[in-house]
Every structure is written in C-alpha cells, then in structure tokens.
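Only one structure is covered here, and it is reproduced in the block below.
The values are calculated or read from the model by the stated rules, or taken from the named source; none is laboratory data. This structure is a prediction, so every number in the text was calculated from the model and none was measured. Cβ: placed from backbone, ideal geometry, glycine included. Neighbour counts: every protein chain shown. Only protein heavy atoms, including side chains, enter the accessible area calculation; ligands, DNA and RNA are left aside. Shrake-Rupley method; radii C 1.70, N 1.55, O 1.52, S 1.80 Å.
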Amino acid sequence: MAQIPPSLQDLVNRFNQAQAQLQNVLLRKQQYEAELKEVEKAISEIERLPQDAKIFKNVGNFLVPQSRDVALQELRDRKELLELHVKTLTRQESMLREQLDKLREEINKELAKLRGGATEAAKGGG
C-alpha cells in the first residue's frame, strides 16, 4: 500500500481535530440547554408563589433564606447568561460544520487525485 501524502495526512488530522472540537461544542451546548430548562422551570415555579413565600437558596451544604424577588432576579440573570452561551455555541457549531464540509471536500479531491494517479500508473505499467 502506498504511503499517504503529507498534504492528505494534514487534511485528515485537521478534519479529526475539527470533529473533536464539534463533539466538545455539542456536549457543552447540551449541558447548557439542560441547565437552561431547569432555570426556566424554577422561574416558572417561583413566579407562581405569593410575594411573601419563603424561598431558600442552596449554598454549599446550607440552605439560605432569600426573597422571592432576589431569587427571580438571580435566575433571570442566569437564564440570560445560559442563553448567551447556547447562542455562542450554536455559532461555533455552525462554523465547525462548515469547516468539516470544506475539509471533507479537500480530502475527497486529494483522494481523487491519488486514485487518478494510481489509475495512470496502472495503465502505463501494463
């Protein structure tokens, strides 16, 4: 079997790196989306409570009392941050998918060149 040309090996390495980055982005995005759903559910539940309801925040091993308004504001701030993370990761995902498509095309072109060269060598050697 012929050796893989360095240019093709480089393309394959870049493709594998981009694929690993995409998997990492997708995992982080999934984690943020799950946390976002939890935050949205908590906001919904707290909004239904009366203004004077007792709310506790988990801080380490302790539950600390907190006002309804403060709890809602913290959750809304967290929700905004999570939405920003998801939006950023969605953009990264899109860019990585485009990069993978381009690399895939380049790899296929290089393989076609190799096959073409192998076909020519086989014809010339016969």
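Brief remarks on what is shown
- Cα centre as origin, Lys/Arg/Asp/Glu Cβ charges: the chain dipole, Debye: 320 debye
- Subtracting the Cα-Cα distance of VAL70 and SER7 from 0.36 nm times their residue separation leaves 16.9 nm of extension gain.
- Between helix 6-48 and the chain: long-axis angle, C-alpha atoms, 0 to 90°, nearest 10: 20 degrees
- Long-range HN-HN contacts of ILE55 with modeled amide H, under 5 Å: GLN66
- Two-site FRET efficiency, ILE107 against GLU38, from Cβ-Cβ distance with R₀ of 35 Å, rounded to 0.05: 0.30
- On Cα atoms only, tilt of 68-124 relative to the major axis of the chain in degrees: 10 degrees
- Solvent exposure of the chain as accessible area per residue, Å², 1.4 Å probe: 76 Å²
- Measuring spread by the Cα atoms of region 6-103 yields a radius of gyration and Dmax of 20.2, 69 Å.
- Loop-located GluC sites (Glu not before Pro) in region 1-56 (DSSP state not H, G, I, E or B) with no more than 13 neighbouring Cβ atoms inside 10 Å do not occur.
- Look at the alpha carbon pairs under 8 Å that are at least 6 residues apart: their mean separation over the length of region 33-126 gives a relative contact order of 24 percent.
- Solvent-accessible area, 1.4 Å probe, carbon plus sulfur percent, for the chain: 54 percent
- Each of LEU22, PRO5, GLN92 was placed along the dipole of the chain (beta-carbon charges, centred on the mean Cα), and the one lying farthest toward the positive end is PRO5.
- Our helix-only sum for the chain, with -39,500 (n - 2.57) per DSSP H run of n ≥ 4 divided by its residues, gives a mean residue ellipticity at 222 nm of -29500 deg cm²/dmol.
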